[in-house]
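Q: Have a look at this one.
The values are calculated or read from the model by the stated rules, or taken from the named source; none is laboratory data. Keep in mind that what you see is a predicted model, and the values were worked out from it rather than measured. Cβ placement follows ideal geometry from the backbone for every residue including glycine, while neighbour counts extend to all protein chains displayed.
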Amino acid sequence: MVHSLYFVGTAGAGKSALTGVFAQWLQDAKISAATVNLDPGVVLLPYSPDIDIRDYVSLQEVMGKYNLGPNGGLIASIDLMSAHLDTLKDEIDDLGTDFVLFDTPGQIELFAFRETGPIIVSSVGGERKMLLFLIDSALARTPAGFVSSLLLSASVLVRFNLPQLNVLSRADLLSETELEHIMAWLDDVDQLVFDVEKSRNQLQGELTSELYRTLQRIFAESNVTPVSSKTNGNLDILFTQISNTLTGGEGFEHFR
């Protein structure tokens with residue numbers, strides 16, 4: 001049975017890096033895994049994808065063919081991907097791996113909030129699938145940035161209606177104090193509100209408080225896991241959470 005992981009998040013959140021590193025981590029653990037690049041506009045990747053949408057849809061070719069600029073070309077390229085779903089599905093089926101990791105386009109709004117993204121996710125990737133939403137550590141340093149990232153994650157959850165984990169990416173860029181603050185916000189909304197009011201004002205603190213209490217209910221059964229593609233930090237914890245979600249926690253032996 002294929003287990004599909006879709007890595008989503010804002011541009012620069014580290015989706016490609018984590019896709020490649022986690023695929024290698026799974027392979028090192030003797031779990032078969034393959035990667036799929038779904039970004040038709042990416043120039044360089046930190047891994048060699050097993051399946052690459054650029055073989056079928058190229059941003060540069062679309063821009064030239066339809067006389068479009070970069071933004072229009074990206075929109076057209078994302079929409080044109082839907083014409084190749086049957087081919088992608090056949091290629092993925094031929095891989096025969098336990099895990100397929102999908103590296104989604106850097107511009108999250110083009111993938112998550114246009115029709116093509118949900119169509120692709122619902123059409124390819126096997127029976128068991130989930131999303132990993134990457135919260136960029138650079139944005140999560142401030143309470144307002146942290147809550148804003150969770151709001152975007154909640155929007156993605158609504159769009160795709162699939163199991164979803166929140167991942168604090170590039171955690172190696174955070175100081176120990178910064179990471180402690182972020183993890184404290186997860187457990188204590190009063191601390192979050194206090195930090196907002198300290199840096200901004202009471203009104204923003206009250207707004208943040210109400211938003212965050214709602215988000216806590218939405219993500220009641222999901223923690224935010226800090227990971228690092230640079231140090232491989234907490235990839236084992238991430239795998240455990242993925243396993244709990246997709247297989248009920250059967251662990252490594254389920255995939256061997």
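Q: Can you report the number of residues in segment 103-144 which are within 22 Å of L173 (Cβ to Cβ) and outside any loop (DSSP other than H, G, I, E, B)?
A: Number of matching residues: 13.
Q: Would segment 40-48 turn up any residue that is part of a loop (DSSP other than H, G, I, E, B), modelled with pLDDT of 95 or more and more than 19 Å from S169 (Cα to Cα)?
A: yes
Q: Might you let me know whether segment 133-150 holds any residue that is of a type in the set (S, T, N, Q) and under 19 Å from P40 (Cα atoms)?
A: No - not one qualifying residue is present in segment 133-150.
To keep it simple, each residue is scored yes or no on (1) among the small types (G, A, S); (2) at pLDDT below 75; (3) at negative phi.
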{"position": "L179", "(1), (2), (3)": "no, no, yes"}
{"position": "G205", "(1), (2), (3)": "yes, yes, yes"}
{"position": "S222", "(1), (2), (3)": "yes, yes, yes"}
{"position": "S228", "(1), (2), (3)": "yes, no, yes"}
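Q: Please state which of the following conditions K30 fails to meet, knowing it meets all the rest: (1) over 20 Å from the mean Cα position of the chain (by Cα); (2) farther than 21 Å from T97 by Cα.
A: (2)
Q: Can you confirm whether segment 152-162 contains a residue that is assigned to a loop (DSSP other than H, G, I, E, B), more than 27 Å from L192 (Cα to Cα), aliphatic (A, V, I, L, M) and modelled with pLDDT of 90 or more?
A: Yes - at least one qualifying residue is present in segment 152-162.
Q: Here is a follow-up. Condition first: surrounded by fewer than 23 Cβ atoms within 10 Å (Cβ to Cβ) and either at pLDDT 95 or above or over 16 Å from the mean Cα position of the chain (by Cα) (or both). Now tell me which residues in segment 11-25 satisfy that.
A: Scanning segment 11-25 gives S16, A17, G20, V21, Q24, W25.
Q: Next question, about the same structure. Based on this model, can you work out whether A138 counts as of a type in the set (G, A, S) and at pLDDT 95 or above?
A: In short, no.
Q: Kindly check whether there is at least one residue in segment 81-94 that is under 30 Å from S209 (Cβ atoms) and among the aliphatic types (A, V, I, L, M).
A: No, that holds for no residue.
Yes or no, residue by residue, for (1) closer than 27 Å to L85 by Cβ; (2) free of Cβ contacts under 8 Å to residues at least 24 places away in the same chain:
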residue: T116; (1), (2): yes, no
residue: L134; (1), (2): yes, no
residue: S137; (1), (2): no, no
residue: V158; (1), (2): yes, yes
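Q: Considering each residue of segment 227-242, count those that are in a helix (DSSP H, G or I) and either out of contact with any strand residue (DSSP E or B) (no Cβ under 9 Å at 6 or more places or on another chain) or acidic (D, E) (or both), and give that number.
A: Looking only at that region, the number is 4.
Q: Is it the case that segment 47-57 has a residue that's more than 25 Å from G20 (Cβ to Cβ) and among the basic types (K, R)?
A: no
Q: Here is a follow-up. Hey, V147 hits all of (1) closer than 20 Å to S4 by Cα; (2) in a helix (DSSP H, G or I); (3) hydrophobic (A, V, I, L, M, F, W, C); (4) touching a Ser or Thr at 6+ places or on another chain (Cβ under 6 Å) but one; which does it fall short on?
A: (1)
Q: So which residues in segment 57-113 are farther than 19 Å from A34 by Cβ and polar (S, T, N, Q), if there are any at all?
A: S58, Q60, N67, N71, S77, S82, Q107
Q: Suppose we filter S58, S137, S122 for residues that are of a type in the set (S, T, Y) and crowded, with 21+ Cβ neighbours inside 10 Å; which single one remains?
A: S137
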